Amino acid sequence: MAGNLADPSQNPPVVSKGYQAKGAYQTINGLKTYVTGPESATKAILVVYDIFGFFDQTIQGADILATSNEQKYRVFMPDFFEGSPADISWYPPTTDEHKKLLGNFFSTQAAPPKTLSKIPNIVAEANKLAPGGAFSSWSILGFCWGGKIAALSVGADNKLFKAAAQAHPAMVDPNDAKSVNVPFAMLASKDEPASDVSAFKANLKVPNHVETFSTQIHGWMAARSDLEDPEVRKEYERGYKTVLEFFHQHS
């Protein structure tokens, strides 16, 4: 496939603990946004984090996306929850209180329309940072809850994104796939219902890559990733490599 990652020895190894971010925070359309990648990059990726917000594992992933391919990207990860993400101790919910807190969070902070309405203005303002006043293409990658946002962002009315991907998506709805209008990748974990994943793939009418990482939990490419586990670290790296190759081919 076009756009294989460079020789791994040329790329910094995945850091298991105490990751030092390579990018910086900027305000984009009023939201604190992690921005990484070379200022000369002509293509961009919007990353939609999971419900736990900015975590080292997710930030490291954004840095990998920015610089690990022969095609360099400027990567933007906005703080859609404005400093009030869900607490990672709530998941998986083991008490009634956790269930209530998560339910409230999903119905208020994480309600998809609230986030979807912000994306066009974020892209418009981020384009001002591109070398020529606009990036030549945008892709979108979402984790867990963000995976739902990514799928909804590339529905029938999408004119912003040329390619999209979701990793360990939450709220998988095969009906969402029917409207997707750009090449789409889904990297599922062992925790998403296999029947939903296969039905989603069956409904896609666009070039796609649907794969289940059968040894990995919901969250292995974002906040819930235990990068001190060698198998998780290997599949984390492979997940980002897969997304990059897909974007390189289709964006």
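Descriptive notes on the structure:
- S117 touching a residue at least 60 places away in the same chain (Cβ under 8 Å) and of a type in the set (S, T, N, Q): no
- Of all residues in the stretch 176-191 being out of contact with any strand residue (DSSP E or B) (no Cβ under 8 Å at 6 or more places or on another chain) and under 29 Å from I88 (Cβ atoms), the one that is surrounded by the fewest Cβ atoms within 10 Å (Cβ to Cβ): D191
- Residue under evaluation F135, criteria (1) surrounded by fewer than 17 Cβ atoms within 10 Å (Cβ to Cβ); (2) touching a Ser or Thr at 6+ places or on another chain (Cβ under 7 Å); (3) touching a residue at least 60 places away in the same chain (Cβ under 8 Å), criterion not met: (1)
- In the stretch 95-146, the residues that are basic (K, R) and in a helix (DSSP H, G or I): K99, K100, K114
- Candidate set from the stretch 76-92 (those that are in a helix (DSSP H, G or I) and in contact (Cβ under 8 Å) with a residue 12 or more places away in the chain); member that is surrounded by the fewest Cβ atoms within 10 Å (Cβ to Cβ): I88
- Subset tally (residues that are part of a loop (DSSP other than H, G, I, E, B) and without any contact (Cβ under 8 Å) to a residue 24 or more places away in the chain) for the stretch 17-41: 2
- Boolean, E125 is surrounded by 14 or more Cβ atoms within 10 Å (Cβ to Cβ) and at pLDDT 95 or above: yes
- One residue alone among D226, D173, D196, D157 is closer than 25 Å to F55 by Cβ, of a type in the set (D, E) and either buried (at least 24 other Cβ atoms within 10 Å of the Cβ) or over 15 Å from the mean Cα position of the chain (by Cα) (or both), and that residue is D226.
- Residue-level check: of (1) free of Cβ contacts under 8 Å to residues at least 12 places away in the same chain; (2) under 16 Å from the mean Cα position of the chain (by Cα), M186 misses just (1).
- Screening K159 with (1) assigned to a loop (DSSP other than H, G, I, E, B); (2) in contact with a strand residue (DSSP E or B) (Cβ under 9 Å, 6 or more places away or on another chain); (3) basic (K, R) gives one miss only, at (2).
- F246 in a helix (DSSP H, G or I), touching a strand residue (DSSP E or B) at 6+ places or on another chain (Cβ under 8 Å) and at pLDDT 95 or above: yes
- In the condition set (1) free of Cβ contacts under 8 Å to residues at least 60 places away in the same chain; (2) in a loop (DSSP other than H, G, I, E, B), S225 is compliant with all but (1).
- The listed residue being at pLDDT 95 or above, out of contact with any strand residue (DSSP E or B) (no Cβ under 6 Å at 6 or more places or on another chain) and within 24 Å of S136 (Cα to Cα), out of G23, G3, G61, G53: G61
- Of the set (1) crowded, with 19+ Cβ neighbours inside 10 Å; (2) under 19 Å from the mean Cα position of the chain (by Cα), all apply to A24 but (1).
The values are calculated or read from the model by the stated rules, or taken from the named source; none is laboratory data. As the structure is a prediction and not an experimental result, all values here were calculated from the model. When we count neighbours, we look across all protein chains shown, and the Cβ atoms used for this are built from the backbone with ideal geometry, even at glycine.
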